[in-house]
Amino acid sequence: MTGQGGPVFDGARRIEMADAFQEGGEHYDRVRPGYPPESLEWLLEGRDADAALDVLDVGAGTGKFTQLLDGRGWRVTAVDPSADMLAQLQRNFPAARTLDGTAEHLDLADHSIDLAVAAQAWHWCDPLAASTELARVLRPGGTVGLVWNQLDVGTPWVHRLARIMHAGDVHKPDFRPHVGPELKGLQCLETRWGQQATPEGLLELVKSRSYYLKAGAAIRAKVLANLHWYLFDHLGHTPGENLALPYFTQTWRAHT
């Protein structure tokens with residue numbers, strides 16, 4: 001279970017769906033959004049802004065959150081089970097150290113990390129095992145950040161878009177991530193922001209989601225046809241049109 005109000009997978013299903021991201025790093029990097037800077041600044045609250053930190057981005061993928069960590073003089077370690085995703089991250093952020101691994105199994109020394117972030121990744125983890133492992137590598141008083149970008153379904157046209165895309169990471173209002181007892185004081189920051197997109201970009205975005213990636217050819221074709229109808233026929237958008245796509249980001253913060 002991933003928490004109250006969010007997607008729920010048993011262990012086998014979680015592993016099966018997460019396996020969708022073993023390949024496709026270049027496409028994922030091109031079509032997925034980044035994260036609002038407010039997420040990181042809130043995670044750093046109470047810390048010396050000039051301190052040289054040891055930072056872990058776990059489930060880092062192609063480095064969408066690493067982008068906020070890079071270039072600040074920190075020692076950044078990015079961990080992911082996909083060699084393809086990490087290769088893209090290394091091209092984007094050559095100063096980052098990359099390691100094959102998962103939140104449950106980190107090849108890192110005890111008490112070696114100040115801040116650990118899992119962005120768009122915690123629902124792929126065993127939350128209790130991952131909490132124990134993060135607590136092991138974090139220094140006393142270290143911070144864990146669990147971050148989710150979601151389509152802002154409070155906007156009616158986006159709500160229907162999310163349903164057509166089978167966006168399973170859109171949390172219900174009562175969502176609270178499941179964490180182990182080692183992680184204390186769980187709090188949440190909510191950030192609303194937007195990204196420019198085109199109808200064609202949204203067709204590519206759906207191709208980066210686990211539901212689509214694990215589906216057969218018939219379901220893929222149906223999803224794309226439904227989305228094409230919705231964007232061009234129902235909403236009346238034109239090819240190449242600039243759309244303001246609203247996002248809602250939840251940043252959860254806990255400490256060891």
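For the reader, a short list of remarks on this structure follows.
- Just checking the listed ones, Asp80, Asp126, Asp110: in the Gaussian network model of the chain with Cα springs under 10 Å, the one fluctuating most is Asp110.
- Once the Kirkwood radius over Cα pairs is known for segment 81-135, the Stokes-Einstein relation at 20 °C and 1.002 mPa s delivers a diffusion coefficient of 173 µm²/s.
- Where Cα atoms sit under 23 Å apart: lysine pairs in the chain separated by 8 or more or lying on different chains: 5
- Hydrodynamic radius of segment 160-220 per Kirkwood, over alpha carbon pairs, in Å: 14.7 Å
- The chain: translational diffusion in µm²/s, Stokes-Einstein, Kirkwood Rh over Cα pairs, 37 °C, 0.692 mPa s: 175 µm²/s
- Rounded to the nearest 10 Å², the accessible area of Lys222 at probe 1.4 Å: 130 Å²
- Restricting the GluC sites (Glu not before Pro) of segment 40-108 to loop positions (DSSP other than H, G, I, E, B) with no more than 10 neighbouring Cβ atoms within 10 Å leaves Glu45.
- Within-15-Å neighbourhood charge of Arg139 [Cβ basis; K, R +1; D, E -1]: -2
- Alpha-carbon Rg/Rh ratio, for segment 109-256, with Rh computed the Kirkwood way: 1.07
- Bridge orientation summary for segment 97-254: considering DSSP beta bridges with both residues in this region, about 75 percent are antiparallel.
- When the alpha carbon gyration tensor of segment 95-171 is reduced to an equivalent ellipsoid, the three semi-axes, largest first, read 32, 12, 12 Å.
- Sequence-distant contacts, meaning Cα pairs under 8 Å at least 6 residues apart, place the relative contact order of the chain at 24 percent.
- Accessible-area ranking of Tyr211, Tyr230, largest first, probe 1.4 Å: Tyr211, Tyr230
- Space enclosed by the convex hull of the alpha-carbon atoms of segment 214-256, per residue, Å³: 142 Å³
- Label reach from Arg30 (point 7 Å along Cα→C-beta): in segment 85-106, amide nitrogens under 16 Å belong to 85, 88-89, 92.
- Net charge in the neighbourhood of Val223 (other residues with Cβ under 10 Å of its Cβ; Lys, Arg +1, Asp, Glu -1) is +4.
- From the largest down, segment 49-109 spans 32, 26, 14 angstrom on the principal axes of its Cα atoms.
The values are calculated or read from the model by the stated rules, or taken from the named source; none is laboratory data. Source: prediction; values computed, not measured. Heads up, the Cβs are rebuilt from the backbone with ideal geometry, glycines too, and the neighbour counts pull from every protein chain shown. For accessibility, only protein heavy atoms count, side chains too; no ligands or nucleic acids. Shrake-Rupley method; radii C 1.70, N 1.55, O 1.52, S 1.80 Å.
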